[in-house]
1. For the condition open to solvent by 30 Å² or more (accessible area, probe 1.4 Å) and on the phi < 0 side of the Ramachandran plot, what is the one hit in Gly252, Gly217, Gly189, Gly171?
2. Counting only residues that are surrounded by 17 or more Cβ atoms within 10 Å (Cβ to Cβ) and either touching a Lys or Arg at 6+ places or on another chain (Cβ under 6 Å) or of a type in the set (Val, Ile, Thr) (or both), which one in segment 21-57 is nearest to Leu296 (Cα to Cα)?
3. Determine whether Leu204 is open to solvent by less than 10 Å² (accessible area, probe 1.4 Å) and part of a loop (DSSP other than H, G, I, E, B).
4. With the checklist (1) in contact (Cβ under 8 Å) with a residue 24 or more places away in the chain; (2) over 22 Å from Lys39 (Cβ atoms); (3) open to solvent by less than 40 Å² (accessible area, probe 1.4 Å) in hand, flag the one item Met346 doesn't pass.
5. Do you know which of the residues in segment 377-416 that are among the basic types (Lys, Arg) and in a helix (DSSP H, G or I) is least open to solvent (accessible area, probe 1.4 Å)?
6. Do you know which residues across segment 395-416 are aliphatic (A, V, I, L, M) and either without any contact (Cβ under 8 Å) to a residue 40 or more places away in the chain or closer than 23 Å to Ala378 by Cα (or both)?
7. Within segment 355-364, is there a residue that is modelled with pLDDT of 90 or more and in contact with an Asp or Glu (Cβ under 7 Å, 6 or more places away or on another chain)?
8. Residue check: is Ser294 in a helix (DSSP H, G or I) and open to solvent by 10 Å² or more (accessible area, probe 1.4 Å)?
Amino acid sequence: MFGWLKGRKKTGIPKLYDNIETPEFCRFMSVDSYKAIRKFPRLTILPLSSANDCEEENYFGAGFSRLIIRNLMLVRNISILGPGDTPTSPLSVLQQHSDYMKSGIFVGGSVRCRSHQISITLTVIAVGGKAIKRTIEEPDGPSALHACCELIAKSVRGRVTDDTRRMWIAGVPTDFFNYVTRLGFMRLGLEREDPDRCKLAIELAKESPNLAVAADGMTNDCRQLMLDLMKQDPYDAHICFLLFILFWESTGHEPEAFQFIRRGIELAPGHGKCHMCAPHAAHPDSMSHMLMHSELGYVLLPNNTFAINNYVINLLESDRPPSEAMAIAEKGIATDPYDPGNYNRMIELFMQMGNNKMALQLAYRLDDLYHPMHKRTAYCLRQNPQCEMLMDAGEYDPVVENRHLIQKLESTLRSA
């Protein structure tokens, strides 16, 4: 099902479609689809904790919930938060944070594993706090997984078709309990920077190549293995996003990268991160269409400051009133005060509005954020590959740039 790009700057990247270079290729989402996706219920699938605090069952519950995420992303009228944004805390812990629990529907529960039975107790908490609690008992893992997916989808009126079930069945590991437990250990027991995490991800991928979920733990060195996983598990929407991030260079129109975004959204129309990133690599003649994707990223990822920042950028580029973007940028700072992106957006907005005094006040706050630089701030700065490359080459220093801006604004205000 894959062709291969030849004679282009980027080699070895699968070509998923014809005519990927055209503006029309980027305009695949209709206005009616955009309006429908805006109203999708938003679900967060939390790790299932053990009812008796058994460490192995906790790992099993975390891996099991990752397979639920994979499957429910394929239900075409709901939105599932991706694994990278999903908290690793169980529902009982997250319920202590009432503000966070207002951002959508949360699914948690507990798990018990016996030699001839898996018992899953699921709790679905809707916006407003109403809870649905059900227990599922099945003789094996695949049956329990599919029963849980059916139950969760039904609780939010998700449309599960025969095609959906066929895609679910295609994504079952060969040695279910062993694979799922180790997948959960990769999620809960190993830090992102731990080299053993990538080593375990590679082992899982080789043992069950029909599943792409192991790609969550892989580093950039695994690009060929990740491409192989996508071929063998063509129904995993999230690996499309991971491959976009892997190949995106932040150079403007990048059709080879954009095609992964399109494939991810076609598989999972409610994939917030694919919508959020669509404008990054789209054809310049499709940018008016990209505002819909950017807004969907903002709507589907209410606690993601990158989605907020990207939406503000696209609003400004679409000549919308600065006041509209200002309110959203303020929300971004409140959501994550360590992300410099929304500070920069608000500085730009104040300067655009001629309010250099407020722009200077924010530049001072940004300077405080850089001294000393928080780990989260450094992480955010490096999410744009072009910015990361320039920083590593010594050609861009955000601290120095902000200091220059402060001097410019101070000079402007003195001479006013």
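The values are calculated or read from the model by the stated rules, or taken from the named source; none is laboratory data. All of these numbers come straight from a predicted model, not from anything done at the bench. When we count neighbours, we look across all protein chains shown, and the Cβ atoms used for this are built from the backbone with ideal geometry, even at glycine. Note: areas computed on protein heavy atoms with side chains; ligands, DNA, RNA excluded. Shrake-Rupley method; radii C 1.70, N 1.55, O 1.52, S 1.80 Å.
1. Sole residue among the options that is open to solvent by 30 Å² or more (accessible area, probe 1.4 Å) and on the phi < 0 side of the Ramachandran plot: Gly189.
2. Step one: list which residues in segment 21-57 are surrounded by 17 or more Cβ atoms within 10 Å (Cβ to Cβ), which gives 25-26, 29, 34, 37, 40-50, 57.
Still in the running and either touching a Lys or Arg at 6+ places or on another chain (Cβ under 6 Å) or of a type in the set (Val, Ile, Thr) (or both): 37, 44-45.
Numbers: Ile37: 7, Thr44: 17, Ile45: 20 Å.
For segment 21-57, the residue satisfying everything is Ile37.
3. Taking the combined requirement at face value, the residue does not satisfy it.
4. Looking at each condition in turn, Met346 falls short on (1).
5. The qualifying residue least open to solvent (accessible area, probe 1.4 Å) is Arg403.
6. If the condition is that a residue be aliphatic (A, V, I, L, M) and either without any contact (Cβ under 8 Å) to a residue 40 or more places away in the chain or closer than 23 Å to Ala378 by Cα (or both), then Val399, Val400, Leu405, Ile406 are the ones that fit.
7. yes
8. No.
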